[in-house]
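Just so you know, all these numbers are worked out from the coordinates, no wet-lab data involved. As the structure is a computational prediction, the values presented were derived from the model and not from experiment. Neighbour counts are summed over all protein chains in view; Cβ atoms, including those assigned to glycine, are modelled from backbone coordinates with ideal geometry.
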């Protein structure tokens with residue numbers, strides 16, 4: 001079985017400033033995403049991407065525990081094209097995904113700005129908004145690595 005690729009970053013990479021809408025139509029500037037000094041997981045997905053949906057569902061199962069333990073917040077970003085955007089909210093609802101923020105990137109602006117080639121693609125941002133971890137692909141259980149990174153950030 002292929003291992004998913006990941007890397008830790010020591011750069012001070014920030015989330016680029018791109019204006020997106022959330023699933024409720026509200027405008028969000030991506031460089032203002034924050035979690036009150038706590039880490040954030042940013043997960044790029046698409047409605048048609050089975051590994052993405054498996055990953056988000058696996059995280060959803062443990063998300064409440066993760067939040068209680070670390071205060072982490074997950075932001076899901078759909079890269080579905082405009083004609084499929086109407087499928088995103090029903091998918092989130094049907095899976096009962098508990099994310100407070102689900103953004104839509106129909107033109108791939110944020111995806112391109114971050115140099116993302118394939119999904120699922122997951123970033124972890126520290127409490128200061130710096131991207132400290134990138135991971136692409138998903139294998140069952142890989143979400144454990146995410147919470148380990150978050151735990152390390154919370155300890156610091």
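Remarks
- Computed E for residue 67/residue 144 - FRET, C-beta separation, R0 22 angstrom, nearest 0.05: 0.85
- At full extension, residue 48 and residue 13 could sit 9.7 nm farther apart than now, given 0.36 nm per residue minus the alpha carbon distance.
- Between the beta carbons of residue 31 and residue 118, assuming R0 = 30 Å, the FRET efficiency works out to 0.80 to the nearest 0.05.
- Rounded is the label for region 1-147. Its Cα gyration tensor axes, ordered a ≥ b ≥ c, give a/c under 1.5.
- Across the chain, the mean sequence separation of Cα contacts (distance under 8 Å, 6 or more residues apart), normalised by length, yields a relative contact order of 36 percent.
- Between region 97-131 and region 49-73, the Cα center-to-center distance that results, in Å: 15 Å
- Residues in region 37-57 reached by a label modelled at residue 87 [backbone nitrogen below 18 Å; 7 Å Cα→Cβ]: 44-57
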